[in-house]
Structures are given as structure tokens and as C-alpha cells.
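Encoded as C-alpha cells, the structure appears first; notes follow it.
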Amino acid sequence: MKILVLIAAVYLGYRFLRHWMGHGTITNRKYSGRENREIDDLMVKDPVCEVYIPKNEGIRLVADGKEYYFCSSRCKDTFLENRRRH
Ligand SMILES: [Zn+2]
């Protein structure tokens, strides 16, 4: 009878631990997801087509010590071409 109680206690403890650990994992996932969204919220303007794009998705170009972000490599090429002409 004592052994049965012990098994039940261990089983309940195991279940509790699993539930607690699972909850912890979900919390961590939520936290990192929120962190990623904060980075996505940084919007930059494409100087060619004047569209706002997430900074981490834009194509970065440094010219004259300034940073430019483009929605596509085509916009970047257009920008470089315009610079050459002026
Ligand atoms: Zn563009």
C-alpha cells in the first residue's frame, strides 16, 4: 500500500514537472517572438520607390557615410545609377 502511494506521488510530481517545464518553454517562445517583432517594427524608407520596409529585410547600402535600405536589389541598382548620372 505504501509503495502505491509512493508511485502515485512520483507520478503526480512527474506530471507537475512536465506541465511546469512545458509552460516554461511556451513562455520562452513567446518572449523571443516578441523580440523578433520589435526588430521588424523598425521601418526604413526605400529612397527609390519611397516604400517603407522592415530594416532587417531591406538591402543595405552605405554611401557617403549614410545608410540606405532598399526593398529590392533593383531599387539599389536604380539608386546607384542615379547617383552616377548626377
Ligand atoms: Zn524599392
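Each reported figure results from applying straightforward, stated rules to the coordinates on display, with no laboratory input. Keep in mind the model is a prediction, meaning the values are calculated, not measured. Counting neighbours? That spans all protein chains shown, and the Cβs are built from the backbone with ideal geometry, glycine included.
Listed peptides 3-11, 44-52, 76-84 appear in the order 44-52, 76-84, 3-11 once ranked by packing, highest mean of other Cβ atoms within 10 Å at the front. Estimated at 0.36 nm per residue, the fully extended path between Arg15 and Ser72 surpasses their Cα-Cα distance by 15.4 nm. Once both labels are positioned 7 Å from their Cα atoms along Cα-to-Cβ, the gap between Leu6 and Glu50 label points is 7.9 nm.
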